[in-house]
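Visitor: Handing you this structure, nothing more for now.
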Amino acid sequence: VGKKGTQVPPRLIRDATMAHQDALLPSNERPVLEIPRSGGHAFRQWYLVFVLTLIYVLNYDDRGALNLIVNPIKEDLHVSDVQMSLLLGLSFATLYSLLSIPAGYLADIVNRRAMLGSAIFFWSCMASMCGFAGSYWQLFAGRIGLGVGEAALPPTAFSLIRDGVPPADRGRAFALYQ
């Protein structure tokens, strides 16, 4: 409702001038674009957030599991402190950080569900490789692979949440995911 009780017509397509003029109006007089919501849509959006959060928790557990068994690995594989620090930091974090950028680009141009499923499969194989590693270099390669696979989760999940959750609920959805 606009000034003096008049109805503000919905604007589906606005040019830059109209959008700028609307921004100058007081917040209670700006036209509101309402997204129709059905019960099924609300369930699906929160199911999406729940599943992505569960995947994120498993992702986080995979990358941090090595921290719990540092001493047994050092004894079993005869690994020095420097080698262990490379396993815990460099081998995973470098590629994870660098590959998140191209993973974000890919999330924009390919099927995100297929990309995420492939990444989960790949990092699960790499986590298994880490579990069965018989030498330092096998474990190092597995940690690199784990970083490569897990780099796809954040940009893909953010993109899925952005497209699957209406703007009014996005803040809550991103807070739950993180």
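Visitor: Let me cross-check ARG63: its accessible surface, 1.4 Å probe, with only protein heavy atoms counted, in Å² to the nearest 10?
Guide: That residue has around 40 Å² of solvent-accessible surface.
Visitor: Here is a follow-up. Using the Karplus curve 6.51 cos²θ - 1.76 cosθ + 1.60 with θ = phi - 60°, what ³J(HN,Hα) values do you get for each residue of the stretch 122-133, in whole Hz, with x for Gly and Pro?
Guide: Couplings: 5, 6, 5, 4, 5, 5, 5, 4, 4, x, 9, 4 Hz.
Visitor: Further question: Just read off the accessible area of ILE101 with the full protein assembly in place, 1.4 Å probe, to the nearest 10 Å².
Guide: 130 Å²
Visitor: Using Cα-Cα distances under 8 Å and only pairs 6 or more residues apart, what relative contact order does the stretch 38-178 have, in percent?
Guide: Numbers: 125 pairs, mean separation 48.4, N = 141.
That works out to 34 percent.
Visitor: Residue by residue through the stretch 56-67, which ³J(HN,Hα) values in whole Hz follow from phi under the Karplus form 6.51 cos²θ - 1.76 cosθ + 1.60 (θ = phi - 60°), with glycine and proline marked x?
Guide: Per residue, the Karplus-derived 3J(HN,Hα) values read 5, 4, 5, 4, 5, 5, 4, 6, x, 4, 5, 5 Hz.
Visitor: Give, in nm to one decimal, the length gained when the segment between PHE174 and GLN138 is fully stretched (0.36 nm per residue of separation minus the Cα-Cα distance).
Guide: Details: separation 36, 0.36 × 36 = 12.96 nm, distance 3.59 nm.
9.4 nm is the gain from fully extending PHE174 to GLN138.
Visitor: Moving on to the next point. On full extension of the chain, what length is gained from MET129 through TYR105, given 0.36 nm per residue of separation minus the C-alpha to C-alpha distance? Walk me through the intermediate numbers first.
Guide: Values: separation 24, 0.36 × 24 = 8.64 nm, distance 2.77 nm.
Using 0.36 nm per residue and subtracting the Cα-Cα distance, I get 5.9 nm.
Visitor: Got a sec to turn the phi values of the stretch 134-141 into Karplus ³J(HN,Hα) couplings, 6.51 cos²θ - 1.76 cosθ + 1.60 with θ = phi - 60°, whole Hz, x for Gly and Pro?
Guide: x, 9, 4, 5, 5, 5, 4, 5
Visitor: Could you check the spin-label model distance between TYR47 and SER118? Points 7 Å from the Cα along Cα→Cβ, value in nm.
Guide: It works out to 2.5 nm between the two label points.
The values are calculated or read from the model by the stated rules, or taken from the named source; none is laboratory data. What you see is a predicted model, and the numbers here were worked out from it, not measured in a lab. Counting neighbours? That spans all protein chains shown, and the Cβs are built from the backbone with ideal geometry, glycine included. Areas reflect the complete protein model, heavy atoms only, side chains present, ligands, DNA and RNA absent. Shrake-Rupley method; radii C 1.70, N 1.55, O 1.52, S 1.80 Å.
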